[in-house]
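Okay, structure first, notes after.
The values are calculated or read from the model by the stated rules, or taken from the named source; none is laboratory data. Everything numeric here is computed off the predicted structure, so don't read it as measured data. Cβ: placed from backbone, ideal geometry, glycine included. Neighbour counts: every protein chain shown.
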Amino acid sequence: MKISQLPLILSCLLIVKTSASVQNTESSSPTNAQLLQLIEDQQKQIDALKSLLTEMAEKVQTTDEKVEATVEVIESNLSPVAQSETTIGGYGELHYTQAQNQKQLDFHRFVLFIGHDFNDSIRFYSELEVEHAIAGDNQPGAIELEQAFIEMDLTENTRLKTGLFLMPIGIISETHEPTTFYGVERNAVEKHIIPTTWAETGAWFSSELSPGLNLDFALHSGLKVPIDTDKAFLPRSGRQKGANAIADALAYTGRIKYTAIPGLELAASYQYQEDISQSLDPAPATLWSAHVAYQKDTFALRALFAQWDIDNINATALGRNKQQGYYIEPSYKLTEKWGLFARISQWDNNAGNNIDTAIDQTNLGLNFWPTEDLVFKIDYQKNTGALDDHGLNLGMGYQF
Amino acid sequence: MTIMKTAYLNLALISLLLFNCQGLSAKTYLSQDEFVYHVTEQLNRNQTNQPVVFNKKALWLKSDLQKQIKILLGHPYPKIRITYRWSKIDTRLVSIWFLDEIGKERPISFAIWVQDNKVQQMRVLAFRESRGGEIAMPAFEQQFDANFLNQDGFFDNQIDGITGATLSVRAMKKMAKLAIMLHQWQAKKEKIIE
């Protein structure tokens, strides 16, 4: 029964009671004094009921306030806004590779990330990775700190990261969870030319110049590539991963990124390293890359180009003074859960020589996402040029 | 020379760290009241002869509703009730929902105006994630305008994503779908034929 109906019901009861009294006294015709008394009695009852009603309304109001307060307390613990200051997540990927002379199963990456908000404007983010399942002496894998940095909001549109962070170069450097890209293995250009996953230690300043236009500048440790052996001057061999990293020569990275049109990302990065070898034989180096990532309805396209120029006589002798690569990857979503892709890549870590040492790679494959955070992949891969083989890759990846 | 470079690096790092950190919280684009005001203005300008007034109401998330929400989001909505605004134009329900969802780590706050089983307008009120703030750009938000779910549960007009902001985009799509679902739930409860 609603409170607002109470006075009406009470009035009805009073009328009924009054009618009954009147009927009882009809036979003896009440006097004016009796009627006056009756009215006075009824008025007292009305006053008493009014008082009761006011009291009840106050109680209802108090109860409402108590319920409201209780709900607010409970919700403050449930609400995502009031989530724990420490968050945990992760991703991982399992690969099966069937090359011409080799079949291999590898739990390639198992990554856990932990974040913590010190307050609303300062936060910590980290990723710890177990690569190839087992780490240790004579084991194929490694335990690596992939990222660990403090991020501070300086103003509404500017941020500063300090610590070990991923380079703002290429498409998959920062967003590398397996559910976000096609193909079992990451693309070869962002492996052999841009040595993703590539983390350096230093400071990174980001600014949103206007909505969808971002500028990044980072001052950080550089690579330390070997200057002899067969891996001389290869960027992937020079990653120091923040492990007692030699910082005799610094590196500087800048990026401009445009994302103001839905579905489109255009970005260009430039890096200068004072000495990529950090040895007695200085080798200043520059890396630049540009990419486009575009998605329209069910169609998507990714394309990237990257190039190193290393100023060193020994690098020149090996043809590694210039190293470059590109890839183009169109894809098509058959449904929300199924996607097809093709990728054509070419890279050359000896592009400075006069012979054709480029490797061409073609991938064709399919991704299946049973849920958004889980993916199964299959792709066929064919290498030609300086490397001639083909194989089949199967993979499973997840993130949470 | 090397010592000088190291000193220069240290100096640069310290200078940047000492930069005044202003204790910012979320990047706030719009308040709930501002959104309601904008919606009211648009409705009064275009759709009605009578001035539209939005009332506040709470939708209690009982277990049967939470079950449906869990199917949609993959998790229950972490509240006991959702406070929303509603009004009626002729016999049609107009509702405005204020919903939060985590993208990768931190909640993003959204406002969604639903009418005729469509998202009429959706805006990011506050963004707290490190990356993916592009979802608050008008060009992206406008993809949700006048968008509705087809029979398969997908948006009739495809939402083009943002590279590197997959999780923020996903959170926004989920909240748009949830708002439509809650609108339909309330319309059914109040026996309003949409």
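Being touching a helix residue (DSSP H, G or I) at 6+ places or on another chain (Cβ under 6 Å) and in contact (Cβ under 8 Å) with a residue 12 or more places away in the chain narrows it down to one residue among A:ALA290, A:ALA203; which is it?
A:ALA203
Could you tell me which numbered condition A:ARG255 fails, if it satisfies all but one of (1) in a strand (DSSP E or B); (2) surrounded by fewer than 16 Cβ atoms within 10 Å (Cβ to Cβ); (3) of a type in the set (Lys, Arg)?
(2)
I'm trying to understand the selection: among the residues of segment A:302-332, which are part of a strand (DSSP E or B), of a type in the set (S, T, N, Q) and farther than 15 Å from A:VAL292 by Cα?
Matches in segment A:302-332: A:GLN307, A:GLN323, A:GLN324.
Return the residues of segment B:117-166 that are part of a loop (DSSP other than H, G, I, E, B) and hydrophobic (A, V, I, L, M, F, W, C); say none if nothing qualifies.
Correct list: B:MET137, B:ALA146, B:PHE148, B:PHE154, B:ILE159, B:ILE162, B:ALA165.
Identify the residue in segment B:37-85 that is farther than 25 Å from B:SER168 by Cα and among the aromatic types (Phe, Trp, Tyr) and, among all such residues, is nearest to the other protein chains (Cβ to nearest Cβ).
Only one residue tops the list, namely B:TRP60.
Across segment B:137-172, what is the number of residues that are more than 7 Å from chain A (Cβ to nearest Cβ) and more than 11 Å from the chain's Cα centre (by Cα)?
Going through segment B:137-172 one residue at a time, the tally reaches 17.
Test of understanding: among A:THR86, A:THR155, which residue is out of contact with any Asp or Glu (no Cβ under 9 Å at 6 or more places or on another chain) and not charged (D, E, K, R)?
Working: A:THR86 fails: out of contact with any Asp or Glu (no Cβ under 9 Å at 6 or more places or on another chain).
Checking each option against the conditions leaves just A:THR155.
Just one of (1) within 21 Å of the chain's Cα centre (by Cα); (2) surrounded by fewer than 20 Cβ atoms within 10 Å (Cβ to Cβ); (3) within 14 Å of another protein chain (Cβ to nearest Cβ) trips up A:GLU190, so point out which.
So the condition that A:GLU190 fails would be (2).
Restricting the search to segment A:293-314, which residues are more than 14 Å from A:GLU329 (Cα to Cα) and more than 8 Å from every other protein chain (Cβ to nearest Cβ)?
A:ALA306, A:GLN307, A:TRP308, A:ASP309, A:ILE310, A:ASP311, A:ASN312, A:ILE313, A:ASN314, listed by residue number.
If you check B:GLU134 against the conditions, is it in contact (Cβ under 8 Å) with a residue 12 or more places away in the chain, among the acidic types (Asp, Glu) and within 9 Å of chain A (Cβ to nearest Cβ)?
So B:GLU134 passes the test.
Residues in segment A:69-98 that are at pLDDT 70 or above, assigned to a loop (DSSP other than H, G, I, E, B) and hydroxyl-bearing (Ser, Thr, Tyr): how many?
Total satisfying the criteria: 1.
Of all residues in segment A:263-284, count the ones that are without any contact (Cβ under 8 Å) to a residue 40 or more places away in the chain, in a strand (DSSP E or B) and over 30 Å from B:GLN158 (Cβ atoms).
Adding up the residues that qualify gives 2.
Please find, within segment A:116-147, the residue that is farthest from the other protein chains (Cβ to nearest Cβ) out of those that are closer than 16 Å to A:THR175 by Cα and crowded, with 18+ Cβ neighbours inside 10 Å.
Filtering segment A:116-147 for residues that are closer than 16 Å to A:THR175 by Cα and crowded, with 18+ Cβ neighbours inside 10 Å, the one farthest from the other protein chains (Cβ to nearest Cβ) comes out as A:GLU129.
In this structure, is B:SER95 more than 14 Å from the chain's Cα centre (by Cα) and either of a type outside the set (D, E, K, R) or under 25 Å from A:GLU336 (Cβ atoms) (or both)?
When the stated conditions are applied, B:SER95 does not pass them.
Which of (1) outside the structural domain of A:HIS176 (by TED's automatic domain parsing); (2) of a type outside the set (Ser, Thr, Tyr); (3) closer than 27 Å to B:SER109 by Cβ; (4) touching a residue at least 12 places away in the same chain (Cβ under 8 Å) is the odd one out, the single condition A:LEU49 does not satisfy?
That leaves (3) as the condition not met.
Table: residues versus (1) more than 30 Å from A:PHE233 (Cβ to Cβ); (2) more than 14 Å from chain B (Cβ to nearest Cβ); (3) surrounded by 20 or more Cβ atoms within 10 Å (Cβ to Cβ).
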| site | (1), (2), (3) |
| --- | --- |
| A:GLU336 | yes, no, no |
| A:ARG343 | no, yes, yes |
| A:ASN349 | no, yes, yes |
| A:ILE355 | no, yes, no |
| A:GLU372 | yes, no, no |
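All but one of (1) within 25 Å of A:SER345 (Cβ to Cβ); (2) crowded, with 22+ Cβ neighbours inside 10 Å hold for A:ARG236, so report the exception by its number.
(2)
Filter segment A:200-223 down to the residues that are at the interface with chain B (Cβ under 10 Å from one of its Cβ atoms) and part of a loop (DSSP other than H, G, I, E, B), then identify the one that is surrounded by the most Cβ atoms within 10 Å (Cβ to Cβ).
A:GLY212
Would it be correct to say that A:TYR294 is in a strand (DSSP E or B) and over 25 Å from A:GLY385 (Cβ atoms)?
On the way: in a strand (DSSP E or B): yes; over 25 Å from A:GLY385 (Cβ atoms): yes.
It is true that A:TYR294 is in a strand (DSSP E or B) and over 25 Å from A:GLY385 (Cβ atoms).
Within segment B:91-106, can one find any residue that is hydroxyl-bearing (Ser, Thr, Tyr), more than 8 Å from chain A (Cβ to nearest Cβ) and outside any strand (DSSP E or B)?
Yes, that holds for at least one residue.
Can you name the residue in segment A:159-187 that is within 12 Å of the chain's Cα centre (by Cα) and among the charged types (D, E, K, R) and, of all such residues, is farthest from the other protein chains (Cβ to nearest Cβ)?
Only one residue tops the list, namely A:GLU177.
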